[in-house]
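Here is the structure we will look at.
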Amino acid sequence: MRICVILEGCYPYVTGGVSTWVHQYMKAMPEHEFVLWTVAASSEDAGKFKYQLPDNVVEVHEVFLQDALKLASVKKKYKFTERELKALTDFVHCQRPDWNVLFEMYNDRKISPMSFLTSSEFLDILTAICQRDYPYTAFSDMFHTMRSMFLPVLYVLGQEVPKADLYHTIATGYSGLLARLGSYKYKVPFMLTEHGIYTREREEEIIRARWVPSSFKRTWVRFFYMLSAAVYDQADLITSLFDNARKTQINIGCRPEKCRVISNGIHYERFCDIPLKPENGWIDIGAIVRLAPIKDVKTLIYSFYELKFRVKNARLHIIGPEDDEQYAKECYELVDQLGVQDVLFTGMTDILKYMEKLDFTVLSSISEGQPLSVLESFAAGRPCVTTDVGCCRELLDGMEGDHLGRAGLCVPPMEREALCSAMERMCTHTEERYQMGKVGKARVERFFRHEDMIRNYEDAYSEVMKQWRESGSH
């Protein structure tokens, strides 16, 4: 089978997390051909892959959103039909447009996005919105905001569509639209796997973002919910990593019968024989993270600064790439400003070897799905301190029917004191720490093995293709 995997802002340009998952998942299915369809911001990233692509990746198609800005203005005025104008009006209002109409316009007939975004019809729609919702906002501000919002979408809709038997998007958003476009173009099914809930993550980012004026934040949030609805409404199967995520998808608008949980899995046998660290006078804490704002490494640094007053022999190893160079620079500067000792930034390294140096791990993220770093730490017999995001609490405490016990400590996100106290307890309660490590190891061995995850996705693919054939959708 030829499967088109569609990704946004991750593999193969960024390491860790979802990227690691995608890479391992494709390698584990050599019987299938994979086509990568990637969405990234800038064409400066073209071909700059952080991974050696598996042999069964037969094509790569790259889409760069900033290339939309290079589109030339259209001199010839286009005459929109009533049906087209209705779809475009719903689109600008961030409602539920008829996406098939937009696919036909911008992919089948290759109409330029600028033909609408420079039209009198677009101005009329914006004027009505401005008068109703933004009476005290400069029209020019609204015009440029709205155009920057909609131009990349219309540009994405005009991309060449790689042919596949099934399209599998690993998020909603722009990549989700491409999956639905592929399904429309070649009359084949598409499915969605969410590691985090895309709409909720974008909503959190927009609320915090300085680049979005407060008057437009609600519109940006509605925009991303519209993109997600396009995927939720038509996907043949929707998977998530844990049950609370499935419930969130249903609350947002997914039909329950289309939603399924397929948990992450790791190569347990690669980690299970890593020996515990010999006593050397230090308590070594590992944070296996990308240096990026969503990982909230700054709160971890502040918490460790406080920890050093309580546990003199604690040492923090921050293990991972500089995913965001500016944020990484701020983290280095924060360590210098605080004068905190015994913080080591290792960069990329062999996690299997480095795990031997660690007593336990910590994750300070403000958003997660089902983090692989926690599962890998468990498999190595290292307990974790995590923030209460995604399914971290379920991983630490166990899911329904799992009576193994506690494998770590969970604290609220962005709370320095709570994180510090949890790390202190893990440092000072040696026997409890060892017992938690044993529980985590048993939990991964029983519930989170890579081969089980791959089998579940193979079954999902077979089911989707079978239902598609039997329904006569083709």
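Might you let me know whether segment 407-426 holds any residue that is outside any helix (DSSP H, G or I) and open to solvent by 60 Å² or more (accessible area, probe 1.4 Å)? For segment 407-426, residues outside any helix (DSSP H, G or I) and open to solvent by 60 Å² or more (accessible area, probe 1.4 Å): present. Summed over segment 52-79, residues that are open to solvent by 100 Å² or more (accessible area, probe 1.4 Å) and modelled with pLDDT under 90 total 3. Taking segment 191-249, which residues are at pLDDT 90 or above, part of a loop (DSSP other than H, G, I, E, B) and more than 14 Å from the chain's Cα centre (by Cα)? Across segment 191-249, the qualifying residues are 235, 236, 242.
Within segment 257-308, the set of residues being more than 22 Å from the chain's Cα centre (by Cα) and more than 22 Å from residue 358 (Cα to Cα) comprises just one member, 257. The combined condition, being charged (D, E, K, R) and touching a Cys at 6+ places or on another chain (Cβ under 9 Å), is fulfilled by residue 59. Criterion applied to 307, 316 was being assigned to a helix (DSSP H, G or I) and either among the aliphatic types (A, V, I, L, M) or open to solvent by 60 Å² or more (accessible area, probe 1.4 Å) (or both), and the one residue passing it is 307.
Quick check, is residue 173 surrounded by fewer than 24 Cβ atoms within 10 Å (Cβ to Cβ), closer than 28 Å to residue 372 by Cβ and in contact with a helix residue (DSSP H, G or I) (Cβ under 7 Å, 6 or more places away or on another chain)? Yes: the conditions hold for residue 173.
Residue 397 meets all of the listed conditions (1) touching a residue at least 24 places away in the same chain (Cβ under 8 Å); (2) in contact with a strand residue (DSSP E or B) (Cβ under 8 Å, 6 or more places away or on another chain); (3) within 24 Å of residue 263 (Cα to Cα) but one, namely (1).
The condition of being under 30 Å from residue 298 (Cβ atoms) and touching a residue at least 60 places away in the same chain (Cβ under 8 Å) does not hold for residue 410.
This table checks each residue for (1) in a helix (DSSP H, G or I); (2) surrounded by 14 or more Cβ atoms within 10 Å (Cβ to Cβ); (3) within 21 Å of the chain's Cα centre (by Cα); (4) among the β-branched types (Val, Ile, Thr).
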| residue | (1), (2), (3), (4) |
| --- | --- |
| 365 | no, yes, yes, no |
| 368 | no, yes, yes, no |
| 378 | yes, yes, no, no |
| 401 | no, no, no, no |
| 470 | yes, no, no, no |
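Looking at this structure, is residue 325 closer than 20 Å to residue 17 by Cα, among the acidic types (Asp, Glu), modelled with pLDDT under 95 and open to solvent by 20 Å² or more (accessible area, probe 1.4 Å)? Yes: the conditions hold for residue 325.
Considering segment 1-37, and only residues there that are in a strand (DSSP E or B) and either over 26 Å from residue 184 (Cα atoms) or touching a Gly at 6+ places or on another chain (Cβ under 9 Å) (or both), the residue that is most open to solvent (accessible area, probe 1.4 Å) turns out to be 8. Filtering segment 30-42 to residues that are touching a helix residue (DSSP H, G or I) at 6+ places or on another chain (Cβ under 7 Å) and modelled with pLDDT of 95 or more leaves 34, 37, 39. Residue pairs whose Cβ atoms lie under 8 Å apart, sitting 6 or more positions apart in sequence or on different chains, and linking a residue in segment 88-103 that is closer than 12 Å to residue 219 by Cα to a partner that is part of a helix (DSSP H, G or I) and of a type in the set (S, T, N, Q), are 94/219. When restricted to residues that are crowded, with 16+ Cβ neighbours inside 10 Å, part of a loop (DSSP other than H, G, I, E, B) and either among the hydrophobic types (A, V, I, L, M, F, W, C) or touching a Gly at 6+ places or on another chain (Cβ under 9 Å) (or both), segment 87-123 contains 3. Within segment 338-363, the residues that satisfy the criterion of being open to solvent by less than 20 Å² (accessible area, probe 1.4 Å), closer than 17 Å to residue 295 by Cβ and either over 22 Å from the mean Cα position of the chain (by Cα) or of a type in the set (A, V, I, L, M) (or both) are 362, 363. Among residues of segment 189-217 that are more than 28 Å from residue 165 (Cβ to Cβ) and open to solvent by 10 Å² or more (accessible area, probe 1.4 Å), those with a Cβ under 7 angstrom from a residue that is of a type outside the set (A, V, I, L, M, F, W, C) and at pLDDT below 90, sequence gap 6+ or separate chain, pair up as 201/367; 204/367; 215/134; 215/137. Across segment 287-304, the qualifying residues are those that are among the aliphatic types (A, V, I, L, M) and assigned to a helix (DSSP H, G or I), and the one among them that is most open to solvent (accessible area, probe 1.4 Å) is 294.
The values are calculated or read from the model by the stated rules, or taken from the named source; none is laboratory data. This structure is a prediction, so every number in the text was calculated from the model and none was measured. All Cβ positions, glycine included, derive from the backbone under ideal geometry; neighbour counts span all protein chains shown. Accessible surface is based on the protein model in full, side chains and every heavy atom, while ligands, DNA and RNA are left aside. Shrake-Rupley method; radii C 1.70, N 1.55, O 1.52, S 1.80 Å.
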